[in-house]
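One structure coming up, written as structure tokens, with questions to follow.
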Amino acid sequence: MKNESKLSILLKGLVKENPVLVLILGTCPTLAMSNNVISAVAMGLSATIVLLCSNVVISLLRKIIPDQVRIPSYIVIIAGFVTMVQMLLHAYLPDLYQMLGVYLALIVVNCIILGRAEMYASKNNVLNSALDGLGMGLGFLLALFVIATIREVFGNASFANLEIKFLADYKIAILTQAPGGFFVYGCMIALVNKITKGRAIKKKEFGCSGCPNVHICKKEVCEKETSQSLNIEKGAN
Amino acid sequence: MLKSLIVILMTSVLVNNYVLNRFLGICPFLGVSKKLNQAVGMGVAVIFVMLLATLVTWPIQMYLLEPNDLGYMQTIVFILVIAALVQLVEIILKKYVPSLHKALGVYLPLITTNCAVLGVTINNINDSYNFIESIVSSLGCGLGFLLAMVLFAGVRSRLETSNAPQSFKGLPLTLIAAAIVSCAFFGFAGIIENLFI
């Protein structure tokens with residue numbers, strides 16, 4: 001692995017390898033929690049805290065955990081931190097706890113966190129893993145914030161529950177509903193494609209290469225899928 | 001009694017569809033829906049695991065965690081139980097029912113970290129369903145997942161040949177198609193109130 005500067009490790013998660021818009025990980029919470037800026041920021045911050053803590057602990061334990069049981073061990077570590085965040089929110093910010101609901105517990109199965117544990121923290125030292133976790137978490141937060149801003153401002157004519165008067169007559173209510181989530185997210189990825197001229201996405205064709213389960217799944221489906229999509233791409237070019 | 005069960009089933013299949021309305025299980029929905037037979041295999045495997053997971057986690061929550069004031073352990077216990085269960089089922093199927101293992105085997109490990117399965121077990125507890133209602137609700141969620149996968153596989157086979165703008169090719173177009181399918185499911189919103197109640 002080549003030597004990267006500490007700053008570039010931190011910053012690559014924000015833009016170049018943004019987990020939501022470039023690596024296409026963690027789609028479920030992105031879609032579900034982005035109809036409102038407050039819930040999006042709360043979700044982003046909770047996931048960042050869990051990601052930072054789990055990356056540090058997994059990096060510390062990377063030489064102790066046997067290879068065969070690493071995925072279950074990572075899941076236990078992540079679930080422990082998720083439970084802590086749940087208890088803290090329940091005690092100090094009960095309104096937010098209600099708002100996030102089941103999605104807070106579902107941070108456990110968020111592919112970003114398991115993905116970073118498998119792809120980065122299990123191979124790198126503690127400081128780099130912490131920076132990587134922080135960067136990826138902030139990238140997740142940033143992407144959620146942007147999508148939620150678009151959906152809330154145009155769908156509900158408000159920003160973080162503050163009303164925007166001049167847009168009140170032009171609400172596009174469907175943007176705050178389920179279809180709006182898919183639509184805005186699709187447009188954001190297309191925009192990233194346009195800006196990077198498709199370089200970012202082409203490297204990581206959606207599917208198994210970016211999937212944290214690639215090592216535990218049987219690979220048959222994955223390899224078939226990737227070779228198929230490669231063939232399609234070759235055909236298109 | 002029967003009527004309330006039908007309401008729960010229809011609600012979770014059509015109105016609160018897990019994929020298209022509650023955004024759970026998006027990864028397999030986007031990843032495995034390219035081919036119809038793969039979509040059906042994944043959908044059936046999800047139904048199977050959801051039912052099993054509910055069968056096991058509901059008694060654990062009611063008879064083990066709650067009497068001992070261990071409700072806060074829910075997340076850790078559930079995810080571990082589901083992960084272990086999936087492994088166990090895979091081993092048993094491989095040994096005793098090889099034909100079923102051949103059909104579902106490749107999808108089973110992927111389901112361990114599928115948020116729809118963990119989501120349905122936690123939601124059953126949060127909605128304070130009893131045991132029978134939990135099973136029916138899991139069945140409904142699984143059927144809803146299968147329905148969404150099959151419908152979407154059909155839509156995607158059309159998308160493959162479409163002439164989209166360069167930057168929309170691939171995932172963005174898929175997501176926008178998902179938005180339209182999700183819109184279609186909005187049509188079911190009032191159906192339960194009008195048909196059954």
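The values are calculated or read from the model by the stated rules, or taken from the named source; none is laboratory data. On a predicted model such as this, the values are computed, not experimentally measured, just so you know. Every residue, glycine among them, receives a Cβ derived from its backbone with ideal geometry; neighbour counts consider all protein chains shown. All accessible areas refer to the heavy atoms of the entire protein, side chains included, with ligands and DNA or RNA removed. Shrake-Rupley method; radii C 1.70, N 1.55, O 1.52, S 1.80 Å.
How many percent of the alpha carbon pairs in the stretch A:6-200 exceed a separation of 21 Å? Write out the running numbers ahead of the final one.
Values: 9981 of 18915 pairs.
In whole percent, the long-distance tail amounts to 53.
Give the average, rounded to an integer, of partner chain Cβ atoms located within 10 angstrom of each Cβ in A:171-179.
So the per-residue partner count for this stretch is 4.
Now a separate question. Running a GNM on chain B with Cα contacts under 10 Å, which residue among B:168, B:152, B:48 ends up with the highest mean-square fluctuation?
B:168
Here is a further query. Over chain B, with a Gaussian network built from C-alpha contacts below 10 Å, which listed residue (B:74, B:166, B:87) shows the highest mean-square fluctuation?
Its mean-square fluctuation being the largest, the pick is B:166.
Under a plain spin-label model, where a point goes 7 Å from the Cα along Cα-to-Cβ, how far apart in nm are residue B:6 and residue B:131?
Going by the 7 Å Cα→Cβ label model, 2.5 nm.
Still on this structure, I have one more. As a test question: what accessible area, to the nearest 10 Å², does residue A:95 have when a 1.4 Å probe is rolled over all protein chains in place?
Approximately 130 Å² of residue A:95 is accessible to the 1.4 Å probe.
Connecting C-alpha atoms closer than 10 Å in a GNM of chain B, tell me which of B:147, B:70, B:108 has the biggest fluctuation.
The residue with the greatest mean-square fluctuation here is B:70.
Going through the cross-link list A:6/A:194; A:16/A:197; A:123/A:197; B:35/B:95, which pairs have a Cα-Cα distance over 20 Å in this structure?
Table pairs above 20 Å Cα-Cα are A:6/A:194; A:123/A:197; B:35/B:95.
Residues of chain B: accessible area per residue at 1.4 Å, in Å²?
44
Along its three principal axes, how long is the stretch A:107-175 when you only count alpha carbons? Whole Å, largest extent first please.
Its Cα atoms span 53, 21, 13 Å along the three principal axes.
Now a separate question. Nearest 0.05, what FRET efficiency do residue A:123 and residue A:163 give at R0 = 56 Å with Cβ-Cβ as r? All intermediate terms of the calculation are to be shown ahead of the outcome.
Details: r = 48 Å, r/R0 = 0.86.
E(calc), rounded to 0.05, equals 0.70.
What does the structure give for A:96-103 when I average, per residue, the other chain Cβ atoms found within 10 Å of the residue Cβ?
2
Tell me which DSSP H helices of chain B clear both cut-offs, 30 Å or more of axial length from alpha-carbon atoms and a mean Kyte-Doolittle hydropathy of at least -1.0.
Numbers: long enough: B:36-59 (35 Å, 1.71); B:74-96 (32 Å, 1.77); B:131-159 (42 Å, 1.50).
In chain B, the long hydrophobic H runs are B:36-59, B:74-96, B:131-159.
Something else: Given the alpha-carbon gyration tensor of chain B, what are the semi-axes of its equivalent ellipsoid in whole angstrom, ordered largest first, with each equal to the square root of 5 times an eigenvalue?
Working through the eigenvalues yields semi-axes of 30, 22, 15 Å.
Just how large is the dipole of the stretch B:44-140 about the Cα centre, in debye to the nearest 20, putting +1 at every Lys and Arg Cβ and -1 at every Asp and Glu Cβ?
My answer is approximately 520 debye.
If amide hydrogens are placed 1.01 Å from N in the peptide plane, which non-local residues have theirs closer than 5 Å to the one on residue A:158?
So residue A:158 has HN proximity to A:153, A:164.
So how compact is the protein assembly as shown: Cα radius of gyration and Dmax in angstrom?
21.0, 66
If you count, for every residue in A:83-95, the Cβ atoms of partner chains within 10 Å of its Cβ, what is the mean?
Average neighbour count from other chains, rounded to a whole number: 1.
For the stretch A:59-94, state which trypsin sites (Lys or Arg not before Pro) are in a DSSP loop and have at most 16 other beta carbons lying within 10 Å of their beta carbon. Spell out each step's value before the answer.
Working: sites: A:62, A:63, A:70; in loops: A:62, A:63.
Answer by residue number: A:63.
If I model a spin label at residue A:5 and residue A:38 as a point 7 Å from the Cα along the Cα→Cβ vector, what separation in nanometres do I get?
Calculated label separation equals 4.1 nm.
Separate question: Kirkwood Rh over Cα pairs of the stretch A:3-99 into Stokes-Einstein at 20 °C, 1.002 mPa s: D in µm²/s?
140
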